Amino acid sequence: MKRDYVWIGLACIILGIFMAFQMKFIQGTYLDGDTPTQKTVEILNELASVEAEKELLLEEVTRLETQLEEIKSSASGESAIVKNLTDELDRYKAFSGMTRVSGTGVLVTIDNPPQDVNLGSEKNIAYDYRLILDLINELNSAGAEAISINEQRMINSTEVRLAGNQVNVNTIPIAPPFVIKAIGSAKTLDGAINQRFGIVQNLRELGYYVEVNQVEIIEVPAFNGTVKFNYATTVE
Amino acid sequence: MLTNWKVIWLLIFLLGVSIGLQIQTISTEVKYTSIKDMYAFSIELESQQSEVEQLKIKIEDIKNQVATYQLAKTDERIDYAQFLADEIELTKEISGITPVQGPGVVIVITDGTRELGEDENPNNVLVHDIDIRALVDDLRNAGAEAISINNERVIFNKSNIQCTGPTIKVNDQVFAPPYIIQAIGDRKFLESAINSPDSYSESLRQWGLFVEVNTSVNIKIPKYEGFVEYLYTN
């Protein structure tokens, strides 16, 4: 009688192990490993609120910029010298990446290849961020006048940097797909990066998805921050 | 008979409990997401949050500008034209079209002199344009305010660093090794950007290239000499 209990106990342990395995297995494959979680909802809600806040802030920026513009234009109405100076200032502001600009150019989209959950072979463009630097350099060589990555304008201090599993641009973490906008001669830009054995082919051979489109009018955003030199001073 | 009823009641009770649990699971606000998507959402969130931070700083800045412009325009004691000229100088400075000086680092990088292994590709010990680009990126990340390569100013929106066979072209000027990169900024940050164990230059050293960094109290970096007009931008 006592032996029977031992066997039953053993059978229960084995059954328990099986059940644990089964649960684990189901968690891995059921709905592609999707799990119902409260956390996602929290993140999504927070995301929505942050996006709304960003919208408000952008409106505020536009409002203030128009206000500034009004002050400037009313001042330039008063004298020709002031008008010339204002124009010159605007030109340099555009050159330094502080204003939103538009023109003809190209739109480059880079994305990770579709991932196979079961294989677990992660191919992430973030790890190959140096290729993004190469692409930007090629665009610069081809005479790009303004470049942005995922709405982050490239200026003198812009870094493209691997941070954890994502890329930081202007210290803002960005995730694929990377949308790179460049203003310049659309044909030249397109041709330069699509050159045989060029950067686009290079990226595609590595398995990334790359699309290049010539665009009639493309808008490159302003740098959303301020630049101040703490160490460098102009030499007279 | 009596025990049978007991069992049935017990089963009905269990059924009720399980139906209740099921309903609760379905009606709670949960979404089916993979860990991967969740990760993507969290990056997106982080990205948006930092953009919001950036925008707040920008708003402060524009507010200040509006105030100063307003003051400059209304106050008789301030010459508005002079004020504009100063603004132009500042904008030129951050665009990299004025010569600047300040504390910083001087980096010397040149081809390796070690013996090659059997059948080893000589490219392993040569400096390439991609190496220079990665170094410049490392310096920018460390907060460099102005960067030059062999006395040629590097600015992001115009400069290109291109391989041209044995030489490297920077701003359409051709240079051969050694390459001397100068950067103005916090000396400690810049130096550690080049010397830290996970830096790009450290990996170059592993390959046998020569990379050296020295700090300097005063570095002069020339202005960008190229074309600054826009042709395609409206």
Quiz item: Does A:Pro113 fit the bill of being under 20 Å from B:Tyr39 (Cα atoms), within 11 Å of chain B (Cβ to nearest Cβ) and within 18 Å of the chain's Cα centre (by Cα)?
Solution: no
Practice problem: Report yes if B:Asp61 is of a type in the set (Asp, Glu), at the interface with chain A (Cβ under 7 Å from one of its Cβ atoms) and without any contact (Cβ under 8 Å) to a residue 60 or more places away in the chain, otherwise no. | Solution: yes
Self-check item: strands (runs of 3 or more DSSP E) fully within the stretch A:108-227 counting 3 or more residues that are surrounded by fewer than 18 Cβ atoms within 10 Å (Cβ to Cβ), touching a Leu at 6+ places or on another chain (Cβ under 9 Å) and in contact (Cβ under 8 Å) with a residue 24 or more places away in the chain
Solution: A:209-220
Self-check item: Condition broken by B:Gln162, with the remaining ones in (1) in a loop (DSSP other than H, G, I, E, B); (2) in the same structural domain as B:Asp198 (by TED's automatic domain parsing) satisfied
Solution: (1)
Practice problem: Tell me, please, whether a residue that is within 14 Å of another protein chain (Cβ to nearest Cβ), basic (Lys, Arg) and in a helix (DSSP H, G or I) can be found in the stretch B:120-138. | Solution: yes
Quiz item: Taking the stretch B:203-234 only, how many residues are at pLDDT 85 or above and either buried (at least 17 other Cβ atoms within 10 Å of the Cβ) or touching a strand residue (DSSP E or B) at 6+ places or on another chain (Cβ under 8 Å) (or both)?
Solution: 18
Quiz prompt | Qualifying position, being basic (Lys, Arg), within 7 Å of chain A (Cβ to nearest Cβ) and closer than 17 Å to B:Gly226 by Cβ, among B:Lys92, B:Lys73 | solution = B:Lys92
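The values are calculated or read from the model by the stated rules, or taken from the named source; none is laboratory data. Here the structure is a predicted model, which is why all the values come from computation and not from measurement. Note that each Cβ is placed from the backbone with ideal geometry, even for glycine, and that neighbours are counted across all protein chains shown.
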